[in-house]
Amino acid sequence: MRGLSFNEETLTWYRFPNNFFWGAATSAYQVEGNNSNSDWWEWEKRAGKEPSGAACRSYELYKQDFDLAKELNHNAHRLSIEWSRIEPQPGQFSLKELEHYKDVILALKERGLEPIVTLHHFTNPKWLAREGGWQNKKAPAYFLNFVQKAVDFLCADVRFWVTINEPMVYVYHAYILGQWPPQERSARKAKAVTDNLVSAHIKAYRAIHGIYKQRNLQNCFVSIAKNIQFFAPCTSNPGNKFASWLRDRYYNLDFIRRLLRYKSLDYIGINYYSRSAVELKKLGFRNLFVDVCENKGHSKLRKNSLGWDIYPQGLYELLIRFKRFNLPLFILENGICTEDDNLRWDFIQEHLKAVNRAIVEGVNVMGYIYWSLIDNFEWDKGFRPRFGLIGVDYNTYKRTIRESARKFAQVPKTGTLSE
Ligand code: FCB
């Protein structure tokens, strides 16, 4: 059944398809704690950043987290497994960690939550970083080796795989902006890493399907989680217009197009947060790819606590544009960090309306996964940004369900957003 939106003078409601997936996401490094074999672990210390430390202690407390997700009527949950735990040394796999992740996945299924499992969410084993990380030509083969081992072990209980989380965010932060390890600022290296990520995905896609076939398992669905942004020129100056167009192509579309050429997507995972106001400081090659308007007074839009514009219309427009790919779309992240929980609920509602509108206009959307289930470690920004439906007290690790989460819980319960 397609979505339906209904409008009366006093009541507006938005109906979502039956079998829609509803849930929230986390990633291993951001919630588990003590991922000491990961490149980020070393880098946080070297770069003098707030350390991830015990994070949310979800490595131990995951059952509590999933109980809460169930209480909130979720029927799906996105999480990642940590490569550096499973393969702490090249070619040496830890059965104990694989078993841990099997327990985690079974804990989801016992609670009626569909596991959506990400294989790479920004962090790498230390040993890979020492060998040049994703610049190394061997990186796709190393990744494949890990994927084969992990998927072979977990496949019986997983239908949805995400090979790589936000490859272009990774390339931008680590190899263009120089903000994340290995803090490079090189177009040449960015290109090499992008090519390796494309190749890693394609290899993983084929291997995963191969394993399901060989084991005679029901079919699985493999994709990436693609971060997309709504790029808008800050002023109508032709340079800004051109840069917006270019960034849309390079950042939003190129990676997906390359994967489509190899028929290596079963659905398209979409992460959407914000709009980016493009304003060139000068006409230079690098400027075309990185410059944004820094005058906060320019935009009248509300912002999250990190200063990102709130722009639900952008999600609607991008969903409509992505219809052309003729694949189901799955929103794998959408969320807000804020101290104001009313704003969080407003954000969720407005984005759900945008999704509903796209569904009514014929876009095939499979589900909506909020980022994040619980407050967590927001990379180089540390623990200050609060993205969670559930708050975390970092002294006691106590979880507290926020009011916005309770309101959101009504949507999966009724299949309807009403106001
Ligand atoms: C996304 C990341 C996720 C989290 C959110 C806020 O880009 O995938 O790990 O940091 O942003």
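The values are calculated or read from the model by the stated rules, or taken from the named source; none is laboratory data. Source: prediction; values computed, not measured. Methodologically, a virtual Cβ is constructed for each residue, glycine included, from the backbone with ideal geometry; neighbour enumeration extends over all protein chains shown.
One table, with the values for the structure above:
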{"quantity": "Entirely in the range 94-201, the helices (runs of 4 or more DSSP H) that have 2 or more residues that are within 16 Å of the ligand (Cβ to nearest atom), out of contact with any Asp or Glu (no Cβ under 6 Å at 6 or more places or on another chain) and of a type outside the set (A, V, I, L, M)", "calculated": "167-171"}
{"quantity": "Lone unmet requirement of (1) in contact with a strand residue (DSSP E or B) (Cβ under 7 Å, 6 or more places away or on another chain); (2) polar (S, T, N, Q); (3) closer than 18 Å to residue 118 by Cα for residue 240", "calculated": "(3)"}
{"quantity": "All positions within the range 252-290 that are over 22 Å from residue 321 (Cα atoms) and touching a residue at least 40 places away in the same chain (Cβ under 8 Å)", "calculated": "279, 280, 283, 285, 286, 287, 288, 290"}
{"quantity": "Subset of the range 395-409 [exposed (fewer than 15 other Cβ atoms within 10 Å of the Cβ) and out of contact with any Leu (no Cβ under 8 Å at 6 or more places or on another chain)]", "calculated": "395, 396, 398, 400, 403"}
{"quantity": "Residue 208 vs. criteria outside any loop (DSSP other than H, G, I, E, B), more than 16 Å from the ligand (Cβ to nearest atom) and either among the charged types (D, E, K, R) or surrounded by 23 or more Cβ atoms within 10 Å (Cβ to Cβ) (or both)", "calculated": "yes"}
{"quantity": "Listing of helices (runs of 4 or more DSSP H) fully contained in the range 278-370 that carry 2 or more residues being over 28 Å from residue 12 (Cβ atoms) and either more than 16 Å from the ligand (Cβ to nearest atom) or touching a Gly at 6+ places or on another chain (Cβ under 6 Å) (or both)", "calculated": "285-290"}
{"quantity": "Selection status of residue 122, aromatic (Phe, Trp, Tyr), under 18 Å from residue 182 (Cα atoms) and at pLDDT 95 or above", "calculated": "yes"}
